[in-house]
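For reference, the structure discussed in these notes is given below.
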Amino acid sequence: QFSNAFEKLLEGTTARQRLDALENLQAMRAPSNDLEKGIASLLSNLHTYMLGAGVKTLDTKTGQWHDIRRVTNYFPRNWDADSIWKDEAGFKALLAKNGVPSDQVKAIYDTLVFNGGSTDLMENAKSLGFVPLAVHVNDRALTFINSTNAQYFAKYQNKDLTDIMTTYIRQAAHRAEYTRSFGNDGHVIADLLKRAQANGLTNAEEEALIPTIRGLEGTLGHDMNPTLKKAMAGVLTVENVLLMPMAIFSQIIDPVNIAMRTNQVKDAGAAYLRALKDLKKFVTRDKTVDYDRELTKMLGIISTDSMLETMGQTQGSMYMTKTMRDVNKQFFRYNGMEGWNNSMRIAATVAGEQYILANVGNSRAMEELNVDPKNVVTLPQGTKFGEPGRMAVSLEQFESTGMSKADAMKAAAQIQEAMFRFVDGAVVRPNAAHRATWMSDPRFQLISHLKQFTYSFQSAVLARAKNEHLHGNSLPMMYLAASVPIMFASDMAKWVLTGTVPKNWTFFDYFTHAVARSGVLGKYEYSVKAAEDAARGNVPGISFAGPAVEHAYILAQWIAGAPGSSTDKLIDRSIPLARYA
């Protein structure tokens, strides 16, 4: 929600206006225009939000936790390691001029340069492995920077306003929600471990458990070399561009998943119509306000990073350089994936709203989404906060129905969580709870690349279809079966369009391909792929090693002149769309 609010602030602004605003904010001057005032207000709201979640900073000298300070004209400091490195003498002289002792000048320089400028100096020791990084709650070692000298330090900071703010917002939200659940130093988790030990948890069991905890909270592999992380993220970007120009065809079955979630085939049709409507608006540059889209953005169900999240690359994108992140965003925009994914999540949001309203008397449906029926209310005629008859989802909307502020806050939080839960069950978005623990470790991100969706489909869609079947509802299973011919039709359209219809395939070949592509096999799909590896003369299971490893294997075969290797095969794998030429 904060990210979408920031994107709204940028609408209609030029690159020059954004740079001017950034330089003024970095100099800690009072905001002078609407953009700067909007950013200052957003940062103030973020500070209030974090305080409300209980986020504090640790005084390493006293060992006491204190509320994060409210700094006048505050703006996040995101240091540019290259700028500091290129002007080492100037930066060190500036530090010395502002009273930094000579022995600390080198320490500050080394920390900012060799940590890639990503920390304000370092996170407290408690967070190394048990609390997500959030540089803006650290002890401020550079407190000598203030409104009188900030303008001179600004030249050594990142000059990309969007990059600075989106990174800051992501860290703030992650840290705040973590703190809300587990405390500033993760003491809730530590206490649970102590209780488990008292009840017989062995050291070996604890050692096996810790990586899972760290994988779930996002700190697994925190000590990995930052340069290596960025290099791997760069490889992921290259593989995305090479493999996914036509990936939109594999997403055609998404509306079927929405129908599986609602038991209503009409919702699949509505999703396809939604995609066509959004495509028309994009082509005609139609800026008409769309309540469904605005609702979805307000809830935070779609965002500028939603495609990276859907690809399961949120952790990888945190280590990407700005250039790599921009390449991914533009690539997913132009291959249609970004627009399609947003359209599906909007359609799923609308379907979720209708599902909750229609099932308010269904105790099992309400329990599954953790909704108290009394919080399902519709907006009255004449409302200023939405459309009459639509379900209330925001604080303002609930208050407009006559609820007290306290009740409205609780109801809004519950309904918003329910909407997220519904949408993520209809349009799969990978998360750490779905995948194997090792897949949350950035050291294995090349191997886990493009696999996370499969694991999430298994956990979110297949598991629910099975559960519904056990409760006497076989419709999700029927829709699941229908996804196989739909996937076949989609791939056939792609093959005809590109002139790459497989030669010498039997009916069984087409059938097994469609089944594997539809996702109905879940994580067992990799067994089928291992058999395909062998059939193609490759090492069985090489496809599971990830696209990057597979690509390297093809290159190595070509260099060695191995049987079956060829220059054409290498070109097809190494140049986008070459296989369709």
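The values are calculated or read from the model by the stated rules, or taken from the named source; none is laboratory data. Note that the coordinates shown come from a computational prediction; the quantities given were computed from them, not determined experimentally. We place every Cβ from the backbone using ideal geometry, glycine too, and count neighbours over all the protein chains shown. Please note that ligands, DNA and RNA were not included when accessible areas were found on the heavy atoms of the full protein model with its side chains. Shrake-Rupley method; radii C 1.70, N 1.55, O 1.52, S 1.80 Å.
Our coupling estimate for segment 61-77, obtained by passing each phi through the Karplus curve with A = 6.51, B = -1.76, C = 1.60 and θ = phi - 60°, is 7, 9, x, 9, 8, 10, 4, 5, 5, 9, 9, 4, 6, 5, 8, x, 8 Hz, Gly and Pro reported as x. Each peptide in 353-359, 70-76, 427-433, 204-210 was scored by the mean count of other Cβ atoms within 10 Å over its residues; highest first, the order is 427-433, 353-359, 70-76, 204-210.
Could you please put 449, 187 in sequence from largest to smallest accessible area, using a 1.4 Å probe?
These residues rank, largest area first, as 187, 449.
The relative contact order of the chain, computed from alpha carbon pairs under 8 Å that lie at least 6 residues apart in sequence, is 13 percent.
Return the whole-Å distance between the Cα centroid of segment 161-235 and the Cα centroid of segment 403-481. Between the Cα centre of segment 161-235 and that of segment 403-481, the gap is 20 Å. This model, with +1 at the C-beta of Lys and Arg and -1 at the C-beta of Asp and Glu, gives segment 1-109 a dipole about its Cα centre of some 280 debye.
Remark on residue 427: its backbone amide H falls under 5 Å from none of the residues 5 or more positions apart or on other chains, H modelled at 1.01 Å from N.
With only Cα atoms counted, segment 403-509 has Rg and Dmax values of 19.8, 69 Å. Quote the accessible area belonging to residue 160 in square angstrom, nearest 10, computed with a 1.4 Å probe and with ligands, DNA and RNA left uncounted. For residue 160, solvent-accessible area is about 30 Å².
For residue 78, nonlocal amide neighbours, meaning residues 5 or more places apart or on other chains whose placed amide H falls under 5 Å from its own, are 158. Using the empirical formula 2.2 N^0.38 Å as the baseline, the Cα radius of gyration of segment 51-102 reaches a ratio of 1.61.
In the structure shown, the pairs 159/494; 86/451; 37/297; 155/230; 297/405; 229/280 are assessed against 30 Å; a Cα-Cα span above that value is assigned to 159/494; 86/451; 229/280.
In this simple spin-label approximation, residue 549 and residue 401 carry label points 7 Å from Cα along the Cα→Cβ vector, and these lie 5.1 nm apart. Measuring with a 1.4 angstrom probe and ignoring ligands and nucleic acids, residue 512 comes out at about 40 Å² accessible. Across all Cα atoms of the chain, the radius of gyration (one decimal) and Dmax (whole number) stand at 25.8, 78 Å. Placing pseudo-labels 7 Å out from each Cα toward the beta carbon at residue 199 and residue 581 gives an inter-label distance of 6.2 nm. Across segment 452-538, Cα-Cα distances exceeding 14 Å account for 70% of all pairs. The listed residues 345, 180, 77 rank as 180, 77, 345 when sorted by accessible area, largest first, using a 1.4 Å probe. In summary, the aspartates and glutamates within cross-link reach of residue 523, defined as a Cα separation below 16 angstrom excluding same-chain residues under 8 places away, comprise 532. Using the rule -39500 (n - 2.57) for each DSSP H run of four or more residues, divided by the residues of the chain, the 222 nm mean residue ellipticity is -18500 deg cm²/dmol.
Translational D (Stokes-Einstein, µm²/s) of segment 1-115 at 4 °C and 1.567 mPa s when Rh comes from the Kirkwood sum over C-alpha pairs? So the translational diffusion coefficient is about 77 µm²/s. Across every direction, the projection of the convex hull enclosing the Cα atoms of segment 374-453 has a mean area of 7.3 nm². When only the Cβ of Lys, Arg, Asp and Glu is charged (+1, +1, -1, -1), the dipole of the chain relative to its Cα centre reaches about 580 debye. Within a straight-line Cα-Cα reach of under 22 Å, residue 56 can be paired with the following lysines, leaving aside sequence neighbours fewer than 8 residues apart in one chain: 126. Using the Cβ-Cβ distance between residue 210 and residue 529 with R0 set to 41 Å, the FRET efficiency works out to roughly 0.85.
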